[in-house]
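Asker: The structure under discussion is supplied below as structure tokens; questions concerning it will follow.
Read the figures in this text as sums done on the coordinates, not as results from a lab. Since this is a predicted model, take the numbers as computed values, not measurements. FYI the Cβ positions are ideal-geometry reconstructions off the backbone, even for glycines, and counts take in every protein chain you see.
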Amino acid sequence: MIQKTNFSLFPSEELYSFSKKAVILVDEKKTTILAVEPFLGNTKIRLEDFKSALDREEKNPLVKIRTQKATSQIDAFMALRKQAESASTRKKAGVSEAAGVIIEVIRKYGWTVQSLGQKARLSQLDGLITELKTKHPEEVTTIGATELLEELEQAQADYLVADTNAVRSENNSSDPTVSETRQPLIESVRQLFQIISLQEVSAPSANVTALIASLNELITTSLATVKASDTRTENAKKNATTSTETK
């Protein structure tokens, strides 16, 4: 069985690289596992669509700016969430209780909102910011997150401006965007993996077993690389923050 893959962890370039490697592995075995051919063909088409969209966006400075603002938006959300988590362990009277309220509100709008698509993330963060500002300002102050909430609100506004500008530029073209081609690619890869896993049950063979082992190794190493990169980025940010605070 091919192990479950959390595609949301892959940034766009890494998703392309992972999918391309998976296609290559399956392509090598397609003549001995005939059932995969239509699914493989569909994945190749989706992969080319995604790559074309990546190439177009790489040349569009407004899309690059949107990506940067999206990163800032996510970073601001994570900073607020971590502050609430940290405050929940405080012994000072009222702090842990206030943190508990903030954490429940965050869970309401999505504890992992950073993994959502652009539109869903924008909507959920709007709701989160509004509720914290209007219903729980005292709790936000108690856990020392007033500035963090303001930063999230500003990051949200900055992203919205960048998104509007990018969308206007994209509307001048009828070609699909990265966000439009990402999910079809993911779904095609999932379907490809599913049919291969089914072959292991319905028509087991040494070739199927070997292919599944290779794909599982690819999934494990690819996800490990992405997570390691995220950890390095997070540590670099923490070090930069610490350095700034000590100056």
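Asker: Specify the inter-centroid distance of segment 94-147 and segment 1-62, based on alpha-carbon positions, in whole Å.
Answerer: Using only Cα atoms to place each centre, the spacing works out to 35 Å.
Asker: How large is log10 of I(q)/I(0) for segment 9-119 at q = 0.13, 0.15, 0.24 Å⁻¹ when the intensity is taken from the Debye formula with one equal scatterer per alpha-carbon?
Answerer: Debye output, listed in q order: -0.72, -0.81, -1.25.
Asker: Once Lys and Arg get +1 and Asp and Glu get -1 on their Cβ, which of L122, L132, G144 lies farthest toward the positive end of the dipole of segment 61-170?
Answerer: L122
Asker: If I model a spin label as a point 7 Å beyond the Cα along the Cα-Cβ vector, how far apart are those points for Q194 and K82 in nm?
Answerer: Placing both labels 7 Å along Cα→Cβ, they lie 3.7 nm apart.
Asker: Still on this model: If you place +1 on the Cβ of every Lys and Arg, -1 on the Cβ of every Asp and Glu, and leave all else neutral, what size is the dipole of the chain about its Cα centre, to the nearest 20 Debye?
Answerer: Computed charge dipole of the chain: roughly 360 debye.
Asker: Label-point separation (nm) for E180 and E97, each offset 7 Å from Cα along Cα-to-Cβ?
Answerer: It is 5.3 nm.
Asker: Note the angle between two axes, namely the Cα long axis of helix 12-29 and the longest principal axis of the Cα atoms of the chain, as a number of degrees from 0 to 90, rounded to the nearest 10.
Answerer: Computed tilt is about 20 degrees.
Asker: Do any chymotrypsin sites (Phe, Trp or Tyr not before Pro) in segment 68-175 lie in a DSSP loop with no more than 15 other beta carbon atoms within 10 Å, and if so, which?
Answerer: Taking segment 68-175 and a limit of 15 other Cβ atoms within 10 Å, the loop chymotrypsin sites (Phe, Trp or Tyr not before Pro) found are W111.
Asker: Given 37 °C and 0.692 mPa s, how large is the Stokes-Einstein diffusion coefficient of segment 61-170 in µm²/s, with Rh as the Kirkwood radius over Cα pairs?
Answerer: It diffuses with D of about 231 µm²/s by this estimate.
Asker: Multiply the residue separation of T71 and D27 by 0.36 nm, subtract the distance between their alpha-carbon atoms, and state the gained length in nm to one decimal.
Answerer: Additional length available on full extension: 12.3 nm.
Asker: Measure off 7 Å from each Cα along the Cα-to-Cβ vector at A206 and L9, then give the distance between these two points in nanometres to one decimal.
Answerer: 3.3
Asker: Further question: What size of dipole, in debye to the nearest 20, comes out for segment 1-120 about its Cα centre when the only charges are +1 on Lys and Arg C-beta atoms and -1 on Asp and Glu C-beta atoms?
Answerer: With Lys and Arg at +1 and Asp and Glu at -1, about 400 debye.
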